[in-house]
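First the structure, in the form of structure tokens, and then the observations on it.
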Amino acid sequence: MPPVPSPTRAFRTTGPDWWRDAVFYQVYIRSFADGNGDGVGDLAGIRARLPHLVDLGVDALWITPFYPSPMADHGYDVADPRDVEPVFGDLAEFDALLAEAHAAGLRVTVDLVPNHTSHAHEWFTAALAAAPGSPERARYLFRDGRGPDGSEPPNNWPSVFGGPAWSRVPASGSQPAQWYLHLFAPEQPDLDFTNPEVLADLEETMRFWLDRGVDGFRIDVAHGMAKPEGLPDMQPMEDTGLLDDHGPGDKRFDQDGVHEVHRHIRRVIDAYADRMAVGEVWVSDDDRLAQYLAPDELQLAFNFKLLTAEWDATALRTAIEHSLATVEGTPAPACWVLSNHDRPRHVTRYGDGDEGTRRARAAALLQLGLPGVAYLYNGDELGMPDVDLPDEALQDPIWERSGHTERGRDACRIPVPWSGTEPSYGFSSQRDTWLPMPEGWGGLTAQAQAADAGSMLSLYRRALALRAGSPALRGDGLEWLPAPAGCLAFRRPGGLVCLVNLSPDAVPLPEGEVLLASSDVTGGTVGPDTAVWLRAG
Ligand code: BGC
């Protein structure tokens, strides 16, 4: 696909802390835009859609893994972290994307997947071919099984994707058949971070991308990596859930040794100017989460409390208060997320059809009105809902691993609709896409919404323009204001007042100049499921 020239545009913020109030846009690469017509999104597709991101007004991209991978977990099973999967392009295409994004004033961050590799990684192939106790096996967590013949897994840990977190490999010569640990799919063997080779290789990967000019990383399973000495049994749990925090009884995650890994990562980042890392840390205890944000660890950690909160004033206020309390004693700003590629989209979480969309509009103003960093997931700006897919279309490993009891994450990963009235809505030159797109999405496309001042896309564009340009949205912290029952109201130091009405009744519009509202407030009231931004009078 020919490159689309982008205007030369400065970065909105500069300096080592450019990310402090940035809006990041998560590109789930398979689903964002397909440049080569095979029905799967790719780097060329992202290049072609940079103008959309400039018009939207985001500051930076996070691109999900595009490295060589057998795709057992759609790229989170990395066979070579220092190359590009041919389905997505090649290194030259990545370099071109990076240059064009930078020229368009957009920073680019990429995914780092340190906890595990693909089973197709050359290290794992070598480990399988080598004997128990060999240096090849010592890069992973191979152990003998329990029971007289070693036929029981070494401990009771479940995999996040269902089934045991251990798989057995064939016997090697006279040695017993061993087991290897995989917290996720069997195709994702966990690395042993007590082995210095593992950390050295992670550093090499980071330098590879930093030297190319990437602005930072999103670190996958950033609370993984370290495992407890002796791999003891964990507290048995019925539902291990996907990326939930089960507390200290769950010995698979959030072990103290993980912080040494983060200190190492930070030293590498600090050797380059103006780079950053955000961690995917599914730790809900405020103090434990704060430890990842120490001055010598991560600059940012996703805050999943907003993403997991119900559409309810008390639940949302609690989520916000905990998130602010987490960062209070750290150098980090809060980092707000409403949706991502692992969870149902918020339009769908909040309700059916129009109700979900109306609430999602209000939630957008809540998220973007809060102090700190915001991460948008591709399609948030279009109000994309989840899509119920037929069984035969499901691709997430969770579907198979759960014995067809959990449908997995495909519903929130449907390709983005760009234009037109029929699938694939400009996503690809062909109709068939890796996950099927539904009929009836003509009104959801970016093209249709760009022409409609009342659309979700227009709301996001205005909100991001105000966020970037209005002094009212500046300053750290917030002050809670008295609000009618079922409402949230806060004031930012710059003067922004944000009121969100989650009650079933209309409430009076506060005094001040209305900057933006998620639904009509011209009658002097703020209706149910509506948020408004005002500049206090
Ligand atoms: C990613 C998931 C992935 C898992 C294993 C998560 O944190 O966001 O999409 O399946 O890590 O790599």
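The values are calculated or read from the model by the stated rules, or taken from the named source; none is laboratory data. Model, not experiment: these values are computed from the prediction. Cβ coordinates were reconstructed from backbone atoms using ideal geometry, including for glycine residues, and neighbour counts include every protein chain displayed.
Asn303 fulfils the conditions (1) at pLDDT 95 or above; (2) within 21 Å of the chain's Cα centre (by Cα) except for a single criterion, (1). Residues of the stretch 190-215 that are away from the ligand (no atom under 16 Å from the Cβ) and not in a helix (DSSP H, G or I): Asp192, Thr194, Asn195, Gly213, Val214, Asp215. Of the residues making up the stretch 443-481, just one is in a loop (DSSP other than H, G, I, E, B), hydroxyl-bearing (Ser, Thr, Tyr) and surrounded by fewer than 19 Cβ atoms within 10 Å (Cβ to Cβ), namely Ser470.
Applying the condition of being outside any loop (DSSP other than H, G, I, E, B) and under 12 Å from the mean Cα position of the chain (by Cα) to the stretch 335-359 and asking which residue is farthest from the ligand (Cβ to nearest atom) yields Trp336.
Looking only at residues that are among the aliphatic types (A, V, I, L, M), within 16 Å of the ligand (Cβ to nearest atom) and part of a loop (DSSP other than H, G, I, E, B) in the stretch 170-189, which one is surrounded by the most Cβ atoms within 10 Å (Cβ to Cβ)?
Looking at residues that are among the aliphatic types (A, V, I, L, M), within 16 Å of the ligand (Cβ to nearest atom) and part of a loop (DSSP other than H, G, I, E, B), I get Ala185.
The one condition from (1) farther than 18 Å from Tyr28 by Cβ; (2) touching a His at 6+ places or on another chain (Cβ under 9 Å) that Val108 does not meet is (1). Scanning the stretch 29-40 for residues that are within 13 Å of the ligand (Cβ to nearest atom) and either surrounded by fewer than 23 Cβ atoms within 10 Å (Cβ to Cβ) or of a type in the set (D, E, K, R) (or both) returns a single hit, Arg30. Restricting attention to the stretch 400-425, which residues are in contact (Cβ under 8 Å) with a residue 40 or more places away in the chain and surrounded by 15 or more Cβ atoms within 10 Å (Cβ to Cβ)? Selection gives Arg401, Ser402, Glu406, Arg409, Ala411, Cys412, Arg413, Ile414, Pro415, Val416, Trp418, Ser424.
Within the stretch 160-182, residues that are at negative phi reach partners that are in a strand (DSSP E or B) and aliphatic (A, V, I, L, M) with beta carbons closer than 9 Å, at six or more positions or on different chains, in the pairs Ala165/Leu181; Trp166/Leu181; Ser167/Leu181.
Quick check on this structure: which one of Leu306, Leu316 is in a helix (DSSP H, G or I) and either among the aromatic types (Phe, Trp, Tyr) or touching a helix residue (DSSP H, G or I) at 6+ places or on another chain (Cβ under 6 Å) (or both)?
Leu306
Residues that are part of a loop (DSSP other than H, G, I, E, B), farther than 27 Å from Thr14 by Cα and out of contact with any His (no Cβ under 9 Å at 6 or more places or on another chain) within the stretch 253-302 comprise Asp256, Gly257, Asp285, listed in sequence order.
Filtered by the rule that a residue be closer than 17 Å to Val497 by Cα and among the basic types (Lys, Arg), the stretch 445-469 gives Arg462, Arg467. Is at least one residue of the stretch 378-390 free of Cβ contacts under 8 Å to residues at least 60 places away in the same chain and outside any loop (DSSP other than H, G, I, E, B)? Checked the stretch 378-390: no residue is free of Cβ contacts under 8 Å to residues at least 60 places away in the same chain and outside any loop (DSSP other than H, G, I, E, B).
For the stretch 150-159, check the following and say yes or no: at least one residue is more than 15 Å from the ligand (Cβ to nearest atom), out of contact with any Ser or Thr (no Cβ under 8 Å at 6 or more places or on another chain) and part of a strand (DSSP E or B). Yes; the residues of the stretch 150-159 include at least one that is more than 15 Å from the ligand (Cβ to nearest atom), out of contact with any Ser or Thr (no Cβ under 8 Å at 6 or more places or on another chain) and part of a strand (DSSP E or B). Going by the conditions given, is Leu394 within 16 Å of the ligand (Cβ to nearest atom) and under 21 Å from the mean Cα position of the chain (by Cα)? So Leu394 fits the description; yes. Taken over the stretch 335-361, the residue count meeting the criterion of being crowded, with 23+ Cβ neighbours inside 10 Å and of a type in the set (Asp, Glu) is 0. Taking every residue in the stretch 302-328 that is in contact (Cβ under 8 Å) with a residue 40 or more places away in the chain and more than 20 Å from Arg345 (Cα to Cα) and pairing it with any residue that is polar (S, T, N, Q) and buried (at least 20 other Cβ atoms within 10 Å of the Cβ), at least 6 positions away or on another chain, the pairs with Cβ-Cβ distances below 8 Å are Thr326/Asn303. A single entry from Asp296, Asp270 fulfils the requirement of being without any contact (Cβ under 8 Å) to a residue 24 or more places away in the chain and surrounded by fewer than 16 Cβ atoms within 10 Å (Cβ to Cβ): Asp270. Every condition in (1) assigned to a loop (DSSP other than H, G, I, E, B); (2) of a type in the set (Lys, Arg); (3) crowded, with 23+ Cβ neighbours inside 10 Å is met by Arg20 except one, and the failing one is (3).
The set of residues from the stretch 109-146 being part of a helix (DSSP H, G or I) and within 16 Å of the ligand (Cβ to nearest atom) comprises just one member, Phe124.
Of Ala332, Ala364, all but one fail to be of a type in the set (A, V, I, L, M, F, W, C), surrounded by 20 or more Cβ atoms within 10 Å (Cβ to Cβ) and in a helix (DSSP H, G or I); the exception is Ala364. Within the stretch 41-73, the set of residues being within 16 Å of the ligand (Cβ to nearest atom) and more than 14 Å from the chain's Cα centre (by Cα) comprises Gly41, Phe66, Tyr67, Pro68, Ser69, Pro70, Met71, Ala72, Asp73.
Could you please find all residues in the stretch 87-108 being aromatic (Phe, Trp, Tyr) and part of a helix (DSSP H, G or I)? Result: Phe94, single match.
Does Gly440 qualify as being free of Cβ contacts under 8 Å to residues at least 60 places away in the same chain, part of a loop (DSSP other than H, G, I, E, B), away from the ligand (no atom under 16 Å from the Cβ) and among the small types (Gly, Ala, Ser)? Yes: the conditions hold for Gly440.
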